[in-house]
Amino acid sequence: MAMMTAFPLLSAMAACGPVPVEQAERSCLRDARYAQSPRGSVAIGAGSGGSYGRVELELSDDFLSGRSPAEAYERCVVSRSGQMPTRRLEDQPGWAG
């Protein structure tokens with residue numbers, strides 16, 4: 001009975017394990033972009049019900065801490081994969097820093 005109770009917990013913990021370093025490198029490009037500058041949007045409109053506005057702003061801890069995009073990328077890859085990146089941020093396809 002105890003094993004049946006522990007199985008979902010063990011399954012969830014296994015899903016949080018390290019990912020292959022190549023996968024981490026691809027997914028960590030987003031962290032590097034957010035370290036470079038905040039992202040956001042502004043929406044303003046008017047309709048029959050009146051006017052409206054919305055502002056969205058996303059700030060990363062890396063940006064607020066003053067980390068460079070390369071530092072944020074490296075930290076992210078190590079955190080997700082447990083390994084150092086195999087390629088520098090500047091060498092990643094899709095990076096136009």
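Read-outs: derived from the displayed coordinates by stated rules, not from any lab. Remember, predicted model here, so these are calculated numbers, not experimental data. Every residue, glycine as well, gets a Cβ built from its backbone with ideal geometry; the counts of neighbours run over all protein chains shown.
Couple of notes before you dig in:
- Residue count for the range 27-49, restricted to those that are free of Cβ contacts under 8 Å to residues at least 40 places away in the same chain and either of a type in the set (Gly, Ala, Ser) or closer than 20 Å to Gly94 by Cα (or both): 15.
- Candidate set: the range 22-64, residues that are of a type in the set (S, T, N, Q) and exposed (fewer than 12 other Cβ atoms within 10 Å of the Cβ); chosen: the one farthest from Pro85 (Cα to Cα): Ser48
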